[in-house]
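A.B. asks: Below is one structure. I have some questions about it.
The values are calculated or read from the model by the stated rules, or taken from the named source; none is laboratory data. Source: prediction; values computed, not measured. Backbone-built Cβ (ideal geometry, glycine too); neighbour counts: all protein chains shown.
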């Protein structure tokens with residue numbers, strides 16, 4: 001089974017507008033129609049499949065992290081259709097149904113003989 005077969009969800013990503021004259025802009029839809037795996041708990045990768053535990057350095061609380069996998073694909077980037085890895089960055093917001101998830105980490109992997117290039121996106125549910 002390929003990564004494309006597991007990409008059963010379609011998401012939108014928002015990005016904050018630039019700060020102008022000391023005022024931050026709101027979030028706007030940046031990427032639409034992004035096919036991805038469903039949101040799942042993030043794992044440590046240590047072979048034990050334990051949830052990834054990271055403590056927020058400011059609040060001192062454990063952050064509840066999730067992840068998705070996104071492959072090289074055709075999608076809309078600021079209303080222009082492109083075929084590439086989506087331009088997802090730390091700080092973007094993944095919109096899923098009625099919940100927003102802040103992107104905390106983006107890890108990119110190159111293409112192999114079996115897979116197109118893809119990325120793992122780690123997100124935190126916004127409260």
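A.B. asks: How many residues are modelled with pLDDT under 80, part of a loop (DSSP other than H, G, I, E, B) and either in contact with a strand residue (DSSP E or B) (Cβ under 7 Å, 6 or more places away or on another chain) or on the phi > 0 side of the Ramachandran plot (or both) if we restrict to the range 2-41?
C.D. replies: The total comes to 5.
A.B. asks: Given the structure, is residue 100 modelled with pLDDT of 85 or more, assigned to a loop (DSSP other than H, G, I, E, B) and under 19 Å from residue 9 (Cα atoms)?
C.D. replies: Taking the combined requirement at face value, the residue does not satisfy it.
A.B. asks: Would you be able to say whether some residue in the range 110-118 is in contact with a helix residue (DSSP H, G or I) (Cβ under 9 Å, 6 or more places away or on another chain), within 18 Å of residue 40 (Cα to Cα) and either in a strand (DSSP E or B) or modelled with pLDDT under 85 (or both)?
C.D. replies: Of the residues in the range 110-118, the ones in contact with a helix residue (DSSP H, G or I) (Cβ under 9 Å, 6 or more places away or on another chain) are 115-116, 118.
Remaining after also requiring within 18 Å of residue 40 (Cα to Cα): 118.
Subsequent filtering for residues that are either in a strand (DSSP E or B) or modelled with pLDDT under 85 (or both) retains 118.
Looking for residues that are in contact with a helix residue (DSSP H, G or I) (Cβ under 9 Å, 6 or more places away or on another chain), within 18 Å of residue 40 (Cα to Cα) and either in a strand (DSSP E or B) or modelled with pLDDT under 85 (or both), one finds at least one in the range 110-118, hence yes.
A.B. asks: Counting only residues that are within 16 Å of the chain's Cα centre (by Cα) and in a strand (DSSP E or B), how many does the range 75-97 have? Spell out the reasoning first.
C.D. replies: Narrowing the range 75-97 to residues within 16 Å of the chain's Cα centre (by Cα): 75-77, 84-97.
Going one step further and asking which of them are in a strand (DSSP E or B), we end up with 75-77, 84, 93-96.
Matching residues across the range 75-97 total 8.
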